[in-house]
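Asks: Here you go, one structure.
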Amino acid sequence: MFEIKERDGLARIGEFETEHGTVETPAIMPVVNPNKMTVSPRRMKETFGAQILITNSYVIYQTEELRKKALEEGLHSLLDFDFPIMTDSGTFQAHVYGDVDVDHQEIIGFQKRMDSDVSTILDEFTEPDDEREVAEEKVRKTMERARYAVEEYEDEKGHIALPVQGSVFPELRERAGKEMKRFEGVYPIGGVVPLLENYRFSDLVNIILSSKKGLGAKGPVHLFGAGHPMVYPLAVLLGVDLFDSSSYIKYARRGDLMYPDGTKKLREIEHFGCHCPTCMEHEPAELREMEEGERTELMAEHNLWVCFNEIEKVKQAVKEESVWEMAERRCRSHPHLLSGIKEVYDHWRYLERFEPRSRHGAVLYTGRGTLKRPLIRRFKEWVMEEYEPLFEAPTILFDAEEVNKPYNRSLRDELSRLEEAGANILFSTPLGPVPLELDETYPVPQSVFLDERKGKERKKELERYKEMKDLSEMVRYDDLDTLDEFSGNAGMCLDDMRVKTIADYQFGKGAGELFVQGKTEYVKNRKGRIKNVMLDGKHVLSLRHYDGLFTLKMAGAMILKEELEPPRMRVTVTEDSAEFNSQGKNVFCKFVIDADENIRPGDEVLVVDEYDNLVAAGRAFLNSQEMSDLKRGIAVRIREGRDDWSKKD
Ligand code: GUN
Ligand code: ZN
């Protein structure tokens with residue numbers, strides 16, 4: 001029912017299947033009030049491109065005429081909308097008015113009977129200021145109702161929405177998510193409206209992430225009541241798939257216009273700065289003089305245009321793998337959003353598990369936070385803690401600012417002399433210390449940084465590097481004479497250095513060693529860059545030009561499989577799947593038995609059968625947790641099957 005099609009870290013483009021069609025996520029579900037449709041459902045679909053709506057079943061239930069019609073003709077006929085419709089349960093009314101006049105069995109049953117595509121249980125709204133015990137009791141009650149709904153309607157069509165509650169307590173949210181995850185459904189994150197209203201974005205980030213930790217990769221995840229486009233990039237960055245909102249109409253009623261970076265009052269506007277039909281066809285003054293009903297409708301439409309437009313931009317950002325940039329930029333529009341993205345960086349250890357080692361686009365610095373992105377921190381941490389300098393020799397230090405990228409090309413003269421010498425060469429960069437061999441590997445050349453840090457910080461990093469690597473000497477490069485003292489050491493050619501260090505970075509400690517012992521040869525492009533690595537006559541690795549990382553050939557995969565202990569780099573599949581994968585067909589989630597938890601999306605992996613026989617080499621699309629949480633979709637894209645794999649091995 002939910003499948004990830006494309007991704008950028010936790011952000012994803014998914015397909016959510018319902019009885020009334022498939023919804024591409026992230027998606028907005030405009031709220032439709034069945035008593036008062038300012039913008040008709042048909043118009044939502046045909047003009048705005050809405051793929052799914054949300055309405056309130058409690059409102060329908062309470063209105064005799066609507067209730068009767070809904071039960072007789074069904075919800076889709078009531079709203080004159082043949083696409084998917086989600087229904088809410090009355091929880092929000094209970095939050096606003098203190099209580100509702102229906103019990104949980106009745107309202108879920110009612111939604112089912114009128115053929116809702118996604119029926120929401122009557123969850124208990126946890127308030128941000130609830131005491132821990134109160135929140136815990138509400139979570140317990142919500143769970144009980146979830147269990148009832150799932151058991152009662154297990155065999156019926158239509159999804160059930162199972163909200164994750166838990167106020168602002170991270171462990172409670174995580175636990176609630178973990179419990180809900182056992183049931184198939186849609187997973188709204190509830191109880192966040194008061195936080196959104198008060199711009200408490202750092203609490204919001206905490207809540208989304210702790211709920212996500214519990215839910216794992218399950219989806220779709222819905223952020224209940226988040227209707228302002230300001231929060232879309234941040235929420236999508238954290239793995240939210242669905243948004244609902246009545247904000248477009250509520251804001252319009254009070255004279256407010258939504259923009260991607262905030263809200264403006266109609267009475268204060270002279271220029272719309274928007275190209276939606278409302279803004280193209282009217283002047284602000286004209287709108288102000290209109291009769292209220294007409295004005296509200298036009299403003300609601302502007303708000304909808306802005307919302308749909310923004311969600312399209314976020315989707316494009318997922319495709320371009322630039323959601324971090326987009327979220328960082330948008331979060332500059334309000335200090336409270338900035339506090340939200342700052343909170344995100346504090347969770348980098350968790351987020352790192354979903355981060356690829358490279359992206360299609362460059363890392364474009366948007367502010368100091370960019371250095372705290374999980375991809376960057378992982379790279380820096382690896383260089384600082386895992387990287388082993390190749391020679392027992394002094395380290396020559398260059399300042400990155402004095403050399404063009406890639407560094408090795410601007411230092412041809414120096415390098416030709418150093419090749420013989422066997423000195424370690426290090427660059428002091430905005431990304432921290434970077435050894436020469438990584439100068440063509442993501443994100444080193446594929447990043448544009450403005451280094452706002454003080455020289456002191458960079459110096460401290462170098463000190464730490466020296467200490468970590470136990471270096472006796474670090475010599476700052478001055479001119480060619482600096483190199484005089486390095487003659488006579490036994491060196492290693494830059495190509496070998498690259499292969500060793502990149503393979504260690506990509507495949508883990510000890511992997512690099514495997515590809516430089518024996519007779520290595522390189523196939524190069526016109527610029528002299530490595531294309532293929534040949535070991536003892538066999539093509540083992542190819543170096544990708546766009547990110548300076550390796551793709552694994554079958555002969556290379558064989559070497560890694562033989563030398564690296566399980567579960568390293570492995571995705572273990574069922575025998576049935578192995579048969580297909582050995583023929584070059586992709587691995588699907590449901591056939592994965594186990595996977596190395598160090599695998600990151602985009603990593604090269606070894607596909608093996610249950611007896612650890614190599615079946616294929618491929619590129620992971622998901623990490624191990626995602627492979628086990630998801631029932632549908634591709635887990636590994638196979639590059640090369642092993643045609644001599646057989647069950648009898
Ligand atoms: N609408 C806004 N917040 C909530 C919530 O927490 N639960 C439900 N069911 N609806 C909501
Ligand atoms: Zn407009």
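The values are calculated or read from the model by the stated rules, or taken from the named source; none is laboratory data. Treat the numbers as computed from the prediction; the structure is a model and nothing was measured. Note that we place each Cβ from the backbone using ideal geometry, even for glycine, and neighbour counts take in every protein chain shown.
Asks: Among the residues of the range 187-201, is any in contact with a helix residue (DSSP H, G or I) (Cβ under 8 Å, 6 or more places away or on another chain), under 29 Å from Met627 (Cα atoms), part of a helix (DSSP H, G or I) and free of Cβ contacts under 8 Å to residues at least 60 places away in the same chain?
Replies: So far as the range 187-201 goes, no, none of its residues is in contact with a helix residue (DSSP H, G or I) (Cβ under 8 Å, 6 or more places away or on another chain), under 29 Å from Met627 (Cα atoms), part of a helix (DSSP H, G or I) and free of Cβ contacts under 8 Å to residues at least 60 places away in the same chain.
Asks: Is it fair to say His347 is at pLDDT 95 or above and more than 27 Å from Phe2 (Cβ to Cβ)? Please lay out each step first, then the result.
Replies: On the way: at pLDDT 95 or above: yes; more than 27 Å from Phe2 (Cβ to Cβ): no.
Answer is no for this residue.
Asks: Residues of the range 72-98 being among the hydroxyl-bearing types (Ser, Thr, Tyr) and outside any helix (DSSP H, G or I), which ones? Steps first, please.
Replies: From the range 72-98, those among the hydroxyl-bearing types (Ser, Thr, Tyr) are 77, 87, 89, 91, 97; that's our starting set.
Answer for the range 72-98, where residues must be among the hydroxyl-bearing types (Ser, Thr, Tyr) and outside any helix (DSSP H, G or I): Thr87, Ser89.
Asks: With the structure loaded, tell me whether Gly361 is surrounded by fewer than 18 Cβ atoms within 10 Å (Cβ to Cβ), of a type outside the set (S, T, N, Q) and closer than 30 Å to Arg12 by Cβ or whether it fails that test. Before you say what the answer is, go through the steps one by one.
Replies: On the way: surrounded by fewer than 18 Cβ atoms within 10 Å (Cβ to Cβ): yes; of a type outside the set (S, T, N, Q): yes; closer than 30 Å to Arg12 by Cβ: yes.
Yes, satisfied.
Asks: Provide a single number: the residues in the range 235-256 that are hydrophobic (A, V, I, L, M, F, W, C) and within 16 Å of ligand 2 (Cβ to nearest atom). Spell out how you get there, then give the answer.
Replies: In the first step, residues of the range 235-256 are kept if they are hydrophobic (A, V, I, L, M, F, W, C); the result is 235-238, 240, 242-243, 249, 252.
When the remaining residues are screened for being within 16 Å of ligand 2 (Cβ to nearest atom), the result is 249, 252.
Summing the residues that are hydrophobic (A, V, I, L, M, F, W, C) and within 16 Å of ligand 2 (Cβ to nearest atom) in the range 235-256 gives 2.
Asks: Restricting the search to the range 170-186, which residues are under 19 Å from Ser119 (Cβ atoms) and in contact (Cβ under 8 Å) with a residue 40 or more places away in the chain?
Replies: Once the filter is applied, which keeps residues that are under 19 Å from Ser119 (Cβ atoms) and in contact (Cβ under 8 Å) with a residue 40 or more places away in the chain, the range 170-186 yields Lys181, Glu184, Val186.
Asks: Moving on. Condition test on Glu579, is it closer than 28 Å to Pro389 by Cβ, in contact with a Lys or Arg (Cβ under 8 Å, 6 or more places away or on another chain) and surrounded by 15 or more Cβ atoms within 10 Å (Cβ to Cβ)?
Replies: Values: closer than 28 Å to Pro389 by Cβ: no; in contact with a Lys or Arg (Cβ under 8 Å, 6 or more places away or on another chain): yes; surrounded by 15 or more Cβ atoms within 10 Å (Cβ to Cβ): yes.
Considered against the rule, which asks whether it is closer than 28 Å to Pro389 by Cβ, in contact with a Lys or Arg (Cβ under 8 Å, 6 or more places away or on another chain) and surrounded by 15 or more Cβ atoms within 10 Å (Cβ to Cβ), Glu579 comes out as no.
Asks: Can you tell me how many residues within the range 8-56 are among the β-branched types (Val, Ile, Thr), touching a helix residue (DSSP H, G or I) at 6+ places or on another chain (Cβ under 7 Å) and part of a strand (DSSP E or B)? If you could, list the steps in order and put the result at the bottom.
Replies: Taking the range 8-56 and keeping what is among the β-branched types (Val, Ile, Thr), we get 13, 18, 22-23, 25, 28, 31-32, 38-39, 47, 52, 54-55.
Subset that is touching a helix residue (DSSP H, G or I) at 6+ places or on another chain (Cβ under 7 Å): 13, 28, 32, 38-39, 55.
Next cut, part of a strand (DSSP E or B) only: 13, 28, 32, 55.
The number of residues fulfilling the criteria is 4.
Asks: A further question follows. Go through (1) within 18 Å of Asn56 (Cα to Cα); (2) within 13 Å of ligand 1 (Cβ to nearest atom); (3) modelled with pLDDT of 95 or more for Leu195 and report which single condition fails.
Replies: So the condition that Leu195 fails would be (1).
Asks: Condition first: surrounded by fewer than 14 Cβ atoms within 10 Å (Cβ to Cβ), in a helix (DSSP H, G or I) and modelled with pLDDT of 90 or more. Now tell me which residues in the range 465-511 satisfy that.
Replies: Glu467, the sole residue that qualifies.
Asks: Another one. Evaluate the following for Ile28: is it touching a strand residue (DSSP E or B) at 6+ places or on another chain (Cβ under 9 Å) and within 16 Å of ligand 1 (Cβ to nearest atom)?
Replies: Values: touching a strand residue (DSSP E or B) at 6+ places or on another chain (Cβ under 9 Å): yes; within 16 Å of ligand 1 (Cβ to nearest atom): yes.
Taking the combined requirement at face value, the residue satisfies it.
Asks: Moving on. Need the failing condition index for Val186 against (1) closer than 21 Å to Val32 by Cβ; (2) in contact with a strand residue (DSSP E or B) (Cβ under 7 Å, 6 or more places away or on another chain); (3) surrounded by fewer than 24 Cβ atoms within 10 Å (Cβ to Cβ), just the number.
Replies: The single condition Val186 does not satisfy is (3).
Asks: Take the residues in the range 514-546 that are charged (D, E, K, R) and under 33 Å from the mean Cα position of the chain (by Cα), then tell me which one is nearest to Asp596 (Cα to Cα). Please lay out each step first, then the result.
Replies: Here is the first cut: in the range 514-546, the residues charged (D, E, K, R) are 519, 521, 524, 526-527, 529, 531, 536, 538, 544.
Pick out the ones that are also under 33 Å from the mean Cα position of the chain (by Cα) and you get 529, 531, 544.
Values: Arg529: 32, Lys531: 28, Arg544: 24 Å.
Among those that are charged (D, E, K, R) and under 33 Å from the mean Cα position of the chain (by Cα), it is Arg544.
Asks: Let me ask you something else. Here's a check for you: in the range 257-284, which residue that is touching a strand residue (DSSP E or B) at 6+ places or on another chain (Cβ under 9 Å) and touching a residue at least 40 places away in the same chain (Cβ under 8 Å) is nearest to ligand 2 (Cβ to nearest atom)?
Replies: Among residues in the range 257-284 that are touching a strand residue (DSSP E or B) at 6+ places or on another chain (Cβ under 9 Å) and touching a residue at least 40 places away in the same chain (Cβ under 8 Å), the one nearest to ligand 2 (Cβ to nearest atom) is Leu257.
Asks: What number of residues within the range 110-137 satisfy the criterion of being among the aromatic types (Phe, Trp, Tyr) and either surrounded by fewer than 19 Cβ atoms within 10 Å (Cβ to Cβ) or away from ligand 1 (no atom under 11 Å from the Cβ) (or both)? Spell out how you get there, then give the answer.
Replies: Taking the range 110-137 and keeping what is among the aromatic types (Phe, Trp, Tyr), we get 110, 125.
Now drop any that are not either surrounded by fewer than 19 Cβ atoms within 10 Å (Cβ to Cβ) or away from ligand 1 (no atom under 11 Å from the Cβ) (or both), which leaves 110.
Of the residues in the range 110-137, 1 are among the aromatic types (Phe, Trp, Tyr) and either surrounded by fewer than 19 Cβ atoms within 10 Å (Cβ to Cβ) or away from ligand 1 (no atom under 11 Å from the Cβ) (or both).
Asks: Follow-up. Report yes if Thr395 is at pLDDT below 95, buried (at least 21 other Cβ atoms within 10 Å of the Cβ) and either under 28 Å from Ser472 (Cβ atoms) or of a type in the set (Val, Ile, Thr) (or both), otherwise no. Walk me through how you get there before you give the answer.
Replies: On the way: at pLDDT below 95: yes; buried (at least 21 other Cβ atoms within 10 Å of the Cβ): yes; either under 28 Å from Ser472 (Cβ atoms) or of a type in the set (Val, Ile, Thr) (or both): yes.
Considered against the rule, which asks whether it is at pLDDT below 95, buried (at least 21 other Cβ atoms within 10 Å of the Cβ) and either under 28 Å from Ser472 (Cβ atoms) or of a type in the set (Val, Ile, Thr) (or both), Thr395 comes out as yes.
Asks: Quick one: which helices (runs of 4 or more DSSP H) sit completely within the range 358-459 and have at least 1 residues that are within 25 Å of the chain's Cα centre (by Cα)? Explain how you work it out, then say what you get.
Replies: Details: elements: 374-381, 407-410, 412-418.
In the range 358-459, the matching helices (runs of 4 or more DSSP H) lie at 374-381.
Asks: Which pairs have Cβ atoms under 7 Å, sit 6 or more apart or on different chains, and link a residue in the range 368-380 that is closer than 18 Å to Ser428 by Cα to one that is aromatic (Phe, Trp, Tyr)?
Replies: Qualifying pairs under 7 Å: Lys372/Tyr345; Lys372/Trp348; Arg377/Trp348.
Asks: Tell me, which residue of the range 275-288 that is within 34 Å of the chain's Cα centre (by Cα) and surrounded by 17 or more Cβ atoms within 10 Å (Cβ to Cβ) is farthest from ligand 1 (Cβ to nearest atom)? Quick ask: steps written out before the conclusion?
Replies: Pass one, the range 275-288, residues within 34 Å of the chain's Cα centre (by Cα): 275-279.
Now narrow it down to the ones that are surrounded by 17 or more Cβ atoms within 10 Å (Cβ to Cβ): 276, 278-279.
Details: Cys276: 26, Thr278: 27, Cys279: 29 Å.
If we take residues in the range 275-288 being within 34 Å of the chain's Cα centre (by Cα) and surrounded by 17 or more Cβ atoms within 10 Å (Cβ to Cβ), then Cys279 is farthest from ligand 1 (Cβ to nearest atom).
Asks: Determine whether the range 249-266 contains at least one residue that is surrounded by 22 or more Cβ atoms within 10 Å (Cβ to Cβ), at negative phi, modelled with pLDDT under 95 and more than 16 Å from ligand 1 (Cβ to nearest atom).
Replies: No, the range 249-266 contains no residue that is surrounded by 22 or more Cβ atoms within 10 Å (Cβ to Cβ), at negative phi, modelled with pLDDT under 95 and more than 16 Å from ligand 1 (Cβ to nearest atom).
Asks: Still on this structure, please answer the following. Go through the range 77-101 and count every residue that is touching a residue at least 24 places away in the same chain (Cβ under 8 Å) and within 13 Å of ligand 1 (Cβ to nearest atom). So that I can check it myself, show each step before the final result.
Replies: Initial filter on the range 77-101 (touching a residue at least 24 places away in the same chain (Cβ under 8 Å)): 78-95, 100-101.
Next, only the ones that are within 13 Å of ligand 1 (Cβ to nearest atom) stay: 86-95, 100.
Qualifying residue count, the range 77-101: 11.
Asks: Let me ask something additional. Just give me the residues in the range 289-317 being more than 31 Å from the chain's Cα centre (by Cα) and not small (Gly, Ala, Ser), in sequence order. Don't jump to the end; show me each part of the working.
Replies: Step one: of the range 289-317, the residues more than 31 Å from the chain's Cα centre (by Cα) are 289-299.
Matches in the range 289-317: Glu289, Met290, Glu291, Glu292, Glu294, Arg295, Thr296, Glu297, Leu298, Met299.
Asks: Here are Glu152, Glu131, Glu127: which of them is farther than 23 Å from Asn56 by Cβ and more than 16 Å from ligand 2 (Cβ to nearest atom)?
Replies: On the way: Glu152 fails: farther than 23 Å from Asn56 by Cβ; Glu127 fails: farther than 23 Å from Asn56 by Cβ.
When all the criteria are applied, what remains is Glu131.
Asks: Now for a separate question. Restricting the first residue to the range 458-472 and requiring it to be in contact (Cβ under 8 Å) with a residue 12 or more places away in the chain, which pairs with a second residue that is in a helix (DSSP H, G or I) and exposed (fewer than 12 other Cβ atoms within 10 Å of the Cβ) meet a Cβ separation below 7 Å and a spacing of at least six or different chains?
Replies: Qualifying pairs under 7 Å: Met468/Glu385.
Asks: Working carefully through the options Lys69, Lys36, Lys5, find the one that is touching a Leu at 6+ places or on another chain (Cβ under 6 Å) and either under 20 Å from Pro229 (Cβ atoms) or not hydroxyl-bearing (Ser, Thr, Tyr) (or both). Write out each step before concluding.
Replies: On the way: Lys36 fails: touching a Leu at 6+ places or on another chain (Cβ under 6 Å); Lys5 fails: touching a Leu at 6+ places or on another chain (Cβ under 6 Å).
Residue meeting the stated conditions: Lys69.
To keep it simple, each residue is scored yes or no on (1) surrounded by 22 or more Cβ atoms within 10 Å (Cβ to Cβ); (2) more than 24 Å from Ser358 (Cα to Cα).
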{"position": "Asn525", "(1), (2)": "no, no"}
{"position": "Ile530", "(1), (2)": "no, no"}
{"position": "Arg544", "(1), (2)": "no, no"}
{"position": "Ala557", "(1), (2)": "yes, no"}
{"position": "Lys561", "(1), (2)": "no, no"}
{"position": "Met569", "(1), (2)": "yes, no"}
{"position": "Gln583", "(1), (2)": "no, yes"}
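Asks: Sticking with this one: If you check Asn424 against the conditions, is it buried (at least 20 other Cβ atoms within 10 Å of the Cβ) and polar (S, T, N, Q)? Can you show your working first?
Replies: Values: buried (at least 20 other Cβ atoms within 10 Å of the Cβ): yes; polar (S, T, N, Q): yes.
When the stated conditions are applied, Asn424 passes them.
Asks: Now for a different question. Looking at Thr126, Thr142, which one is of a type in the set (S, T, N, Q), under 20 Å from Ser167 (Cα atoms) and assigned to a loop (DSSP other than H, G, I, E, B)?
Replies: Details: Thr142 fails: assigned to a loop (DSSP other than H, G, I, E, B).
Testing whether each residue is of a type in the set (S, T, N, Q), under 20 Å from Ser167 (Cα atoms) and assigned to a loop (DSSP other than H, G, I, E, B) leaves just Thr126.
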